[in-house]
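Peer 1: Just dropping this structure here.
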Amino acid sequence: MKIIKANPDKINEDIIFEAINVLANGGIVLYPTDTVYGLGANIFNNRAVRRVFEIKKRSFLKPLSILVRDVKIVDAVAKLSSSQRKCINDCLPGAYTFILNKRKIVPRYVTSGSSYVGVRVPDCELACRLASIFPITTTSANLSDDEVLSNPCEILEQLDCEVDLVIDVGNLNSSKASSIIDLTGLKPKIIRD
């Protein structure tokens with residue numbers, strides 16, 4: 001496991017390149033977002049996604065959300081109506097995960113066989129840059145149903161396992177994960193505030 005100290009306000013291209021390389025080769029990256037630290041894996045690598053489930057001790061029946069680099073890419077992974085597109089454009093980037101009808105490109109093992117996908121575009125350039133080549137998983141870096149921590153050292157202790165790369169920007173100001181809003185029905189529905 002490699003830990004890299006980073007400044008979230010000053011993007012270091014070498015760190016981005018190294019992290020994308022780790023992700024491209026099936027590795028897991030612990031990375032900061034605009035809310036909490038996340039566990040990232042290339043969504044197209046089944047083995048890497050499986051590791052995320054195992055690290056979190058998360059049921060394989062509970063889908064993972066994905067992170068895309070910007071709002072324009074949401075349409076590549078999810079089918080959007082004009083009203084959904086407007087909502088997403090109004091709210092993202094930001095601390096929201098939107099549940100949408102997924103496109104076939106999103107692997108079933110990421111969404112636990114569901115026809116829906118949770119999509120995020122965080123207000124964090126570093127996190128978005130990690131998804132500049134392919135979407136990555138974005139799930140809070142904690143054991144399922146356990147406390148969400150904001151310090152990488154404490155997170156690693158809680159997970160009691162090694163990830164391949166840690167991008168450490170220090171304590172985050174938040175320990176609250178993104179709000180989840182389901183846009184698949186007639187009206188938006190708040191799943192998690």
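The values are calculated or read from the model by the stated rules, or taken from the named source; none is laboratory data. Bear in mind that the values here come from a model prediction, so they are computed numbers and not experimental data. Cβ atoms come from the backbone with ideal geometry, glycine included; neighbour counts cover every protein chain shown. All accessible areas refer to the heavy atoms of the entire protein, side chains included, with ligands and DNA or RNA removed. Shrake-Rupley method; radii C 1.70, N 1.55, O 1.52, S 1.80 Å.
Peer 1: Can you tell me which condition Thr111 does not meet? The list is (1) at pLDDT below 95; (2) touching a strand residue (DSSP E or B) at 6+ places or on another chain (Cβ under 6 Å); (3) polar (S, T, N, Q), and all the others hold.
Peer 2: (1)
Peer 1: Looking at Asn25, Asn7, which is the one that is open to solvent by 20 Å² or more (accessible area, probe 1.4 Å) and within 14 Å of Ile133 (Cα to Cα)?
Peer 2: Working: Asn7 fails: within 14 Å of Ile133 (Cα to Cα).
Checking each option against the conditions leaves just Asn25.
Peer 1: I need the full set of residues from the stretch 98-134 which are among the hydrophobic types (A, V, I, L, M, F, W, C) and part of a loop (DSSP other than H, G, I, E, B), in order please. Before you say what the answer is, go through the steps one by one.
Peer 2: Taking the stretch 98-134 as the starting set, the residues that turn out to be among the hydrophobic types (A, V, I, L, M, F, W, C) are 98-100, 105-106, 110, 117, 119, 121, 124, 126-128, 130-131, 133-134.
Correct list: Ile105, Val106, Val110, Val121, Cys124, Ala131, Ile133, Phe134.
Peer 1: Can I ask one more? Within the stretch 152-162, which residues are open to solvent by 20 Å² or more (accessible area, probe 1.4 Å) and of a type outside the set (A, V, I, L, M, F, W, C)? Walk me through it before giving the result.
Peer 2: Quick first cut of the stretch 152-162, residues open to solvent by 20 Å² or more (accessible area, probe 1.4 Å) only: 153-154, 156-158, 160-162.
Glu154, Glu157, Gln158, Asp160, Glu162, listed by residue number.
Peer 1: Go over the candidates Leu130, Leu149, Leu165 one by one and state the one that is modelled with pLDDT under 95 and either crowded, with 20+ Cβ neighbours inside 10 Å or among the hydroxyl-bearing types (Ser, Thr, Tyr) (or both). Steps first, please.
Peer 2: On the way: Leu130 fails: modelled with pLDDT under 95; Leu165 fails: modelled with pLDDT under 95.
Exactly one residue qualifies, and that residue is Leu149.
Peer 1: Would you be able to tell me the number of residues in the stretch 95-115 that are surrounded by fewer than 17 Cβ atoms within 10 Å (Cβ to Cβ) and within 18 Å of Arg192 (Cβ to Cβ)?
Peer 2: Final tally of qualifying residues: 2.
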